[in-house]
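Report on the following structure.
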Amino acid sequence: MAANNRRMSGKKGAQVGSGGKRRRGLEGKGPTPPAEMRKGHAKQRAAQAKARRAQGRTQGRRGGGRSASELVVGRNPVVEALREGVPASTLYVQQFIDSDERVREALQLAAERGGINLMEAPRPELDRMTNGLNHQGLVLQVPPYEYAHPEDLVANAHDEGEDPLIVALDGVTDPRNLGAVVRSVSAFGGHGVVVPERRAAGMTAGAWKTSAGTAARTPVARATNLTRALEAYKKAGIVVVGLAADGEAEIGELEALEGPVVIVVGSEGKGLSRLVGETCDFRVRIPMPGGAESLNAGVAAGIVLYETARRRG
C-alpha cells in the first residue's frame, strides 16, 4: 500500500488547457504593413520628416500664423490691459500678496471677463517667469495672436460686397502705431491691416491697448514678403498707393481711392523701402501747410482713410 501511495504521489495533477492561445498563435496576423506605417521604422521617420518639411513650406507660402504668447507685468499695466479688453488666458497672483485697490480691480476684471484662469504662484516662480522684472505680484499672460493671411482681407471685402480697403505697413516697428492704424481702419470701414513677418510691429498687448478694442473685429494679416503680397494684390485688380513725402501727386487728387485700394504707409523716419516704393502704382503725398517733415504711421493712415471714406461715401 505504501508503495502504491508513492507511485500515486509521483503522478501529475490535471492538465490545464491553453484556452486556445496556442491555436490563435498559429493563426496569421494579416499582411505586413508598409515600412512607412511601422512604428520606429527608418522609412516611417523619413516620411514624417518629409511631411513636416512640406508643412513648413506651405506655411511659408501662406503667411499668417500665430505670434508667441506674451506677459504683461506689473500692477498698473495688468489693470490697464484688462480694462482695454486685451485678450488674456491666465492671471498669475503672488501668494500672500499685499493687496491694494489695483490688485482687487485686476481680480474683479478677470472674474467679470470670464475665461481667464486665476493662478496663485510663489514669488520665486513669478521672478523666473518674468526674468526678474518688477512684477509687483501680478502677471497677465496674453495668448498668441492669430494672424490672417493677406488674401483673407480681400475675401472678406468681397463677402461684404465692397471694394477692398486695406492698409499695409512697411517698416513700422512701434506696436502703438500698429494699434492706432487698426483703430483708424475700423473707424473708416477698412478691411484689415497687413504687416511684414520680420522687422515690424506685431499684435502685442501694447498694440491691443492702442486699438481700443477694435483689434477684436479688424483682422491683421502677416506677410512673409510684403513686396510679393503687394504684387499679388495688384494681380487681383487692387491699386497699390504708397505714401511718400516726395510723391508725384497730392492725396486729394487721386481718383484711385474710389475703387479697390491698398494704402502703404512707411516708417516715420525712413518712409517706404525701395522695393515697396517701386511696387506701388502711385506714390502720393499728404499736403502739410504747417511745414512738418513727416507724420507718424497712425496719423498718416488716418488722414488717407478719411479721404477714402469721404470719396466712397
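The values are calculated or read from the model by the stated rules, or taken from the named source; none is laboratory data. Since this is a predicted model, take the numbers as computed values, not measurements. Glycine gets a Cβ as well: all are built from the backbone with ideal geometry, and neighbour counts include every protein chain shown. All accessible areas refer to the heavy atoms of the entire protein, side chains included, with ligands and DNA or RNA removed. Shrake-Rupley method; radii C 1.70, N 1.55, O 1.52, S 1.80 Å.
Here are some notes:
- Taken together, V264, V284 contain a single residue that is modelled with pLDDT of 95 or more and in contact with a strand residue (DSSP E or B) (Cβ under 6 Å, 6 or more places away or on another chain), which is V264.
A quick yes/no check of all residues on (1) among the polar types (S, T, N, Q); (2) over 30 Å from G277 (Cα atoms); (3) within 17 Å of the chain's Cα centre (by Cα):
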position: V93; (1), (2), (3): no, yes, no
position: A111; (1), (2), (3): no, yes, no
position: Q136; (1), (2), (3): yes, yes, no
position: P144; (1), (2), (3): no, yes, yes
position: A180; (1), (2), (3): no, no, no
position: V194; (1), (2), (3): no, no, yes
position: G206; (1), (2), (3): no, no, yes
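- Considering residues of the range 213-236 that are of a type in the set (S, T, N, Q) and either assigned to a strand (DSSP E or B) or farther than 26 Å from E80 by Cα (or both) only, the residue least open to solvent (accessible area, probe 1.4 Å): T227
- Comparison of V276, V262 shows that the only residue that is in contact with a Phe, Trp or Tyr (Cβ under 8 Å, 6 or more places away or on another chain), surrounded by 12 or more Cβ atoms within 10 Å (Cβ to Cβ), hydrophobic (A, V, I, L, M, F, W, C) and in contact (Cβ under 8 Å) with a residue 60 or more places away in the chain is V262.
- Every residue from the range 263-287 that is polar (S, T, N, Q) and assigned to a strand (DSSP E or B): S267
- Any hit, the range 98-115, residues being small (G, A, S), over 30 Å from P219 (Cα atoms) and modelled with pLDDT under 60: no
- Residue match in the range 291-309 (condition: open to solvent by less than 70 Å² (accessible area, probe 1.4 Å), among the acidic types (D, E) and either out of contact with any strand residue (DSSP E or B) (no Cβ under 6 Å at 6 or more places or on another chain) or closer than 23 Å to G65 by Cα (or both)): yes
- The range 187-212, subset modelled with pLDDT under 90 and at positive phi, residue surrounded by the most Cβ atoms within 10 Å (Cβ to Cβ): A212
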